[in-house]
Amino acid sequence: MTSPLPGHPHIAYQNHASGNALCIEGQPLAALAQAHGTPLFVYSKASMLEALAAYQRGFAGRKAQICYAMKANSSLGVLQVFAQAGCGFDIVSSGELARVMAAGAVASKVIFSGVGKTRAEMRHALGVGIGCFNVESTAELEVLNEVAGSMGLRAPISIRVNPNVDPKTHPYISTGLKGNKFGIAHEETLATYQRAASLPGLRVVGIDCHIGSQITEETPYLDAMDRVLDLVDAIEATGITLHHIDFGGGLGINYQDDTPPAADALWHKLLAKLDARGYGQRQLMVEPGRSLVGNAGVCVTEVLYLKPGEQKNFAIIDAAMNDLPRPAMYQAFHHIVPLAPRADATTLMDVVGPVCESGDWIGRDRDLAVQPGDLLAVLSAGAYCMSMASNYNSRGRPAEVLVDGAEAYVIRARETIADQLRNESLVG
Ligand code: LLP
């Protein structure tokens, strides 16, 4: 019998000779953990492609480019899946540019976001021939004009508008409100476009907005779209043509009782608005990150110790905040499930890592029946986990495996202490 976990069509308990075992695309996670050690990130290629297919369905018959926001998971093997599926990429650094090029990206489908692009990063991106710079300030506009001019080039740009819309998400991942550091204020956009159009080193190609991440409601998107289209009306009335409109990323996933719209359902509504306002045939761009990879990955971890206490029980696992930073950073919830469920009664416990900080918890007040040596899966770990992992406490970052049907590819070897020490030296 197979029972997929809700929201995870390719992650399911399957009956094996030894009992019920959590599998990804039919492969027992315990076998992968045994072969590659823990903590271990495991991704399902089929899940990624299904998440992408929801966007592709939503845009059927339209001119649209999906640019995977690779900050969500920038491992080469993951990038390769999206490059092969025809995606472009949203990047925020020279390092990300080097990664997507190594993964086989088409440079003209790469867009460069971020508030602090350096001159060297601009030169790198211009040299490669990326499709668009999403410019976030007037100061950046002037510098980009100068850098492109010095290379005898014209930089393709779009201006990131801050529409001042509340995405109703965690404050650390809201980006489209007035108090945020991102984008150019709505009121200043027209003047900024006029300035951009007058600069010889720039070529205006589009407009861009991104209001936040883990958005689970439709209304902020619909509101932001109205605000952006009002600007497009005003900008084009001055004779500046915008070749594309980029609506950013931000669509949430189900971590715990979250009910984000499906990408195709959301775009059905957004496209109706675009049609109604006469922009249905315009080239569209989106920059989804989390919604393409978040629920495609799990982190497999071993229970090291149980530590019962008067006020709290703890299960100490071998994954920590350096591997899974979201709970510590955003009080984020990730489901934690056993790979081989026990029949024993469950106990309420905090699931914590070995790092020397009280903030190093992965799950609080979880009802679990576990023993030392048991393996657990931390779910929804495909986005913003490995890409945000660090070496804190001199812990090596985990290995990563990408499962594709019967195949399991190690897309990143476990980081060794030699890897960590490579760039360091003693003083004398
Ligand atoms: N485009 C831009 C300009 C962005 O800043 C972001 C994310 C995206 C696209 C992709 O957004 P997504 O579709 O993944 O929501 N570390 C946080 C999330 C930070 C998001 C930053 N920007 C977390 O773990 O929740």
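Table for the structure above
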item	result
Bridge type composition, the chain - antiparallel percent by DSSP, nearest 5	50 percent
Positive-end residue of VAL293, VAL42, LEU274, charge dipole of the chain with Cβ unit charges	LEU274
Order by protection proxy (mean Cβ within 10 Å, highest first), peptides 319-325, 372-378	319-325, 372-378
Computed lengthening from SER3 to LEU304, 0.36 nm per intervening residue step minus Cα-Cα distance	105.6 nm
Net charge, ALA340 excluded, C-beta distance under 13 Å - Lys, Arg +1, Asp, Glu -1	-2
For the stretch 11-50: rounded, prolate or oblate by the Cα gyration tensor [a/c cutoff 1.5]	oblate
Charge context of GLY248, other residues only, Cβ under 11 angstrom, K/R +1, D/E -1	-3
Distant-in-sequence amide H partners of ARG203 (H built 1.01 Å from N, under 5 Å)	ALA155, ILE157
Gaussian network model of the chain, Cα within-10 Å springs - most flexible of SER291, SER390, SER113	SER390
Positive-end residue, the chain charge dipole about Cα centroid, Cβ charges, pick of HIS335, ASN162, ALA12	ASN162
20 °C / 1.002 mPa s Stokes-Einstein diffusion coefficient of the stretch 113-288, Kirkwood radius on C-alpha pairs, µm²/s	129 µm²/s
Selected from GLN27, GLN65, GLN311 as most flexible by GNM, with the chain as the system and alpha-carbon contacts under 10 Å	GLN311
DSSP beta bridges in the stretch 113-288 [antiparallel fraction, %, rounded to 5]	5 percent
Total charge dipole magnitude, the stretch 113-288, about the Cα centre, Cβ charges on Lys, Arg, Asp, Glu only, Debye to nearest 20	560 debye
Residue among PRO171, GLY131, TYR221 farthest towards the positive dipole end of the stretch 113-288, charges placed on Cβ	GLY131
Length-normalised contact order of the chain in % [C-alpha pairs under 8 Å, at least 6 apart]	19 percent
For the stretch 113-288: relative contact order, % (alpha-carbon pairs under 8 angstrom, 6 or more apart)	20 percent
The chain: calculated mean residue ellipticity at 222 nm from DSSP helix runs of at least 4, using -39500 (n - 2.57)	-8000 deg cm²/dmol
The stretch 6-107: trypsin sites (Lys or Arg not before Pro) in DSSP loop, at most 16 other beta carbons within 10 Å	ARG62, LYS63
Per DSSP, loop GluC sites (Glu not before Pro) in the stretch 224-313 with at most 12 further Cβ within 10 Å	GLU310
Assigned charges on the beta-carbon of Lys, Arg, Asp, Glu; the chain dipole about Cα centre (debye)	820 debye
GluC sites (Glu not before Pro) restricted to DSSP loop in the stretch 343-428 with at most 10 other C-beta within 10 Å	GLU424
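Read-outs throughout are calculated quantities, based only on the coordinates presented, and are distinct from any laboratory measurement. Bear in mind that the values here come from a model prediction, so they are computed numbers and not experimental data. Because the Cβ atoms are built from the backbone with ideal geometry, glycine has one as well, and the counts that use them run over all protein chains shown.
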